[in-house]
Amino acid sequence: AQTVTQSQPEMSVQEAETVTLSCTYDTSESDYYLFWYKQPPSRQMILVIRQEAYKQQNATENRFSVNFQKAAKSFSLKISDSQLGDAAMYFCAYRSWTNAGKSTFGDGTTLTVKP
Amino acid sequence: NAGVTQTPKFRILKIGQSMTLQCTQDMNHNYMYWYRQDPGMGLKLIYYSVGAGITDKGEVPNGYNVSRSTTEDFPLRLELAAPSQTSVYFCASSTGQGGQETQYFGPGTRLLVL
């Protein structure tokens, strides 16, 4: 079974600084998706960024980028120029390319942004 | 588009009662999912569906049932509620395939079983 591990339960960053959230996963599949979701206090799950495993190029979305290391099974999220609105719980998630039932989330990292 | 809607937003159940959590999506997505999120934890997949009439178990299906009679609706049924089912329940939908696969989540239903 797939597992997703987020080893940092809590992280903090100063406003305008850069922070990196870690995620490792375990799978025997070669094709899959990886995601980072943001969950603010409203509980709404918001997609931050998506990476397809077959793509070697790291995904970027504005201030958010990932470092995808397929061989190491690592998928970290970098947030640049952190803003107060970035404060939230961040979840790393895995989904099989072919089997929707293989959908696994990590336990999350709570990010605090200090003014 | 409303996206994914869930009702109710909050419910208190007594042990042994039953209820149905409703989920509707208006994006014509084939895939739909039910997750639960316990306090301080990530989401765990309960059931999923790849199209009308097709459902399958996820990681934590015990105590729940689902049906999918239409593309839009994917209700989750709790039979004989137990305190262990106290959680926040999220419904999601997606196209299910291709390079743009993204799960769109509803706002969640908070359930308290006493």
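The values are calculated or read from the model by the stated rules, or taken from the named source; none is laboratory data. Computed from a predicted structure; not experimentally measured. We place every Cβ from the backbone using ideal geometry, glycine too, and count neighbours over all the protein chains shown. Ligands, DNA and RNA are stripped out before the accessible areas are found, and what is left, the full protein with its side chains, is counted by its heavy atoms. Shrake-Rupley method; radii C 1.70, N 1.55, O 1.52, S 1.80 Å.
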Response to the item:
Checked against (1) touching a Lys or Arg at 6+ places or on another chain (Cβ under 8 Å); (2) open to solvent by 40 Å² or more (accessible area, probe 1.4 Å); (3) without any contact (Cβ under 8 Å) to a residue 24 or more places away in the chain, residue A:63 satisfies every condition except (1)
Discussion item. Checking residue A:55 against (1) of a type in the set (D, E, K, R); (2) under 23 Å from residue B:35 (Cβ atoms); (3) touching a Gly at 6+ places or on another chain (Cβ under 9 Å), only one condition comes out false. Which one?
Written reply: (2)
Worksheet item: Between a first residue in segment B:26-42 that is within 9 Å of chain A (Cβ to nearest Cβ) and open to solvent by 10 Å² or more (accessible area, probe 1.4 Å) and a second residue that is part of a loop (DSSP other than H, G, I, E, B) and among the charged types (D, E, K, R), which pairs have beta carbons less than 9 Å apart while being 6 or more apart in sequence or on different chains?
Response: B:31/B:101; B:37/A:43; B:40/A:107; B:41/A:107
Fill in: Within segment B:66-101, considering residues that are at the interface with chain A (Cβ under 10 Å from one of its Cβ atoms) and surrounded by 16 or more Cβ atoms within 10 Å (Cβ to Cβ), the one farthest from residue A:45 (Cα to Cα)
B:96
Item to complete: Considering only segment B:47-61, state which residues are at the interface with another protein chain (Cβ under 8 Å from one of its Cβ atoms) and open to solvent by 40 Å² or more (accessible area, probe 1.4 Å).
Response: B:50, B:56, B:57, B:59
Fill in: Filtered residues of segment B:34-76 (kept if in a strand (DSSP E or B) and among the hydrophobic types (A, V, I, L, M, F, W, C))
B:34, B:43, B:45, B:46, B:50, B:54, B:66, B:76
Discussion item. Criterion first (in contact with a strand residue (DSSP E or B) (Cβ under 7 Å, 6 or more places away or on another chain), under 19 Å from residue B:94 (Cβ atoms) and more than 14 Å from chain B (Cβ to nearest Cβ)) does residue A:29 satisfy it?
Written reply: yes
Worksheet item: Which numbered condition trips up residue A:6, out of (1) open to solvent by less than 40 Å² (accessible area, probe 1.4 Å); (2) free of Cβ contacts under 8 Å to residues at least 12 places away in the same chain?
Response: (2)
